[in-house]
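Scroll down for the structure; my scribbles are underneath it.
The values are calculated or read from the model by the stated rules, or taken from the named source; none is laboratory data. On a predicted model such as this, the values are computed, not experimentally measured, just so you know. Using ideal geometry, Cβ is built from the backbone for each residue, glycine included, and neighbour counts are taken over all protein chains shown. Just so you know, the surface numbers come from the protein's heavy atoms only, side chains and all, with ligands and any DNA or RNA stripped out. Shrake-Rupley method; radii C 1.70, N 1.55, O 1.52, S 1.80 Å.
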Amino acid sequence: MGVRDPVGRRAFVAGAGAALMAGGVAAGDAEAAVVDGPLPDFHQALKDELNFPLAWGTSAIRDFRAWRRAARAKVEEHLLVDRQDGTPYAPEFTDGPQGDGCTRELVTLSLTRHDRVRAALLTPHGSGPFPAVLLLHDHGAKFDIGKEKLVRPWYDDTRLASAQAWADRYFSGRFVGDELARRGYVVLCADALGWGDRGPVAYDQQQALASNFYNLGSSLAGLMAREDARAAGFLAGLDRVDARRVAAVGFSMGAYRAWQTAALTDDIAATASVCWMTGLKEMMVPGNNTLRGQSSYYMLHPGLARHLDIPDVASIGAPKPMYFLDGEQDALFTAEGVRAAYAKMRAVWSSRRAGERLRTETWPGLGHVFTQPMQDEVFAWLETVL
């Protein structure tokens, strides 16, 4: 006589979903436990439970400076990577060519106690101290180049060809870092883990890389956040830089990195973020790229959504000057999500009587790009806020 399985696997999983829905579809009526691709059938119930209790205006904390400290501490708690303040940068500089208005160097430094990172450093000709830009590269599922997407690689012809093709595709053929240096900014741009000198990782290896970090009690996204904040501190501490005039600028994942860095460190005085801002609930919808996993692990801090929405984290940077640009036809972010995030941030800056310091734009007819006209607007804005 065989052993009877009282609850089959499908019934168990669907039943668990029904239990979480608290009175939703009964287990016997469920057709699938996973719907719309990789979403659980109870995903709407999970979204409905998110009320972001630590958001400014919702939180019981009414003093804004106290709220900023509490919100920043909550983000840092979910990074799963310790602060690295005691780690010496120990920079090693390698001279590159001079010309086109700036001096080019490669600098190798310790952004954490575990790894040395090579970055491109551009310094305008003339006498400083200069304003500076921490330039943060995108994801793009293109890993052979990182910093080279934004700074012309004078040191590698193979990477130059790849980088020029990327600049032609997304940046109107410009190297944004070189243009900033010509306009009088010190520019620092480093590879995130997986790109350029620190890769290349393959697209379908990202999820495994992230899970291995979690198994080791750490976080891939948390590492990137800590490294970017440390890079901001290094840049601000250079003798050639005016520490009061350091901005973070980025496109796509680099835009996410830019406003995240502004939230995590006071070394950043202003931020321009191009094509990465949305509300979390509006992003977690069928068909969105985030649902594929893989790349999203670079921007995923587990559990943080129980406390703060995406624009809530960016708002930790208030009332610093910040400029957000998104393309009207950007397929990565719903128009609803962009509008919701912009409205939430405007409410925060307005509450600080600093509404004029926040600029939010949706560019008609454009997708996921940082075109020359967009760049020129960012450059002009930087001149007014730094």
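Amide H neighbours of Phe143 under 5 Å, counting only residues 5+ apart in sequence or on other chains, H built in-plane at 1.01 Å?
It is none; the list stays empty.
Heavy atoms only, probe 1.4 angstrom, no DNA, RNA or ligands counted: give me Glu92, Glu105 ranked by accessible area, highest first.
From most exposed to least exposed: Glu92, Glu105.
Pairs of Cα atoms under 8 Å, at least six residues apart: use those to get the relative contact order of the range 64-162, whole percent.
16
If you place +1 on the Cβ of every Lys and Arg, -1 on the Cβ of every Asp and Glu, and leave all else neutral, what size is the dipole of the range 222-327 about its Cα centre, to the nearest 20 Debye?
120
Can you report the principal axis dimensions of the range 97-180 using only the alpha carbons, biggest first, rounded to whole angstrom?
Taking max minus min along each principal axis of the Cα atoms, the range 97-180 gives 37, 35, 21 Å.
Would you list Arg183, Arg257 from the most to the least accessible area, probe 1.4 Å?
Highest to lowest solvent-accessible surface, that is Arg183, Arg257.
For the chain, what does -39500 (n - 2.57) per DSSP helix run (n ≥ 4), summed and divided by total residues, give at 222 nm, in deg cm²/dmol to the nearest 500?
The helix-only estimate for the chain comes to -11000 deg cm²/dmol at 222 nm.
Using only C-alpha atoms and all pairs of different ones, pull out the Kirkwood radius for the range 248-354 in Å with one decimal.
Roughly 14.0 Å, rounded to one decimal.
Tell me, in nm to one decimal, what length is gained between Arg169 and Phe64 on full extension, where the rule is 0.36 nm per residue of separation less the Cα-Cα distance?
Here the segment from Arg169 to Phe64 would lengthen by 33.6 nm.
Which loop-located trypsin sites (Lys or Arg not before Pro) does the range 49-141 contain, where loop means any DSSP state but H, G, I, E or B and the Cβ has at most 13 other Cβ atoms within 10 Å?
Filter output for the range 49-141: Arg62, Arg83, Arg113.
Which distance in Å, rounded to a whole number, links the C-alpha centroids of the range 55-72 and the range 128-199?
Taking the Cα centre of the range 128-199 as reference, the centre of the range 55-72 is 36 Å away.
On average over all directions, what projected area in square nanometres does the chain have, based on the convex hull of its Cα atoms?
That works out to 22.3 nm², a quarter of the Cα hull's surface.
Determine ³J(HN,Hα), in whole Hz, for all residues of the range 140-149 in sequence, where each value follows from phi through the Karplus function 6.51 cos²θ - 1.76 cosθ + 1.60 and θ = phi - 60°; x replaces Gly and Pro.
x, 6, 10, 10, 5, 10, x, 4, 5, 5
For the pair Asp48 and Asp242, what calculated FRET efficiency results from E = 1/(1 + (r/R0)^6), where r is the Cβ-Cβ distance and R0 = 51 Å, to the nearest 0.05?
0.60
Determine the sum of side-chain charges near Trp363: Lys and Arg each +1, Asp and Glu each -1, restricted to other residues whose C-beta is under 15 angstrom from that of Trp363.
Spelling it out: positives minus negatives among the neighbours equals -4.
Which helices, taking whole DSSP H runs in the chain, have alpha carbons extending 15 angstrom or more along the helix axis plus mean Kyte-Doolittle at least -0.5?
Within the chain the helices that satisfy the rule are 9-20, 220-237, 253-264, 335-351, 372-385.
As I understand it, the dipole of the range 64-163 uses +1 on the Cβ of Lys and Arg and -1 on the Cβ of Asp and Glu, about the Cα centre. Which of Gly146, Val133, Leu160 lies farthest toward its positive end?
Checking the options against the dipole of the range 64-163, the answer is Val133.
With an 8 Å cut-off on Cα pairs and a minimum separation of 6 or more residues, tell me the relative contact order of the chain in percent.
16
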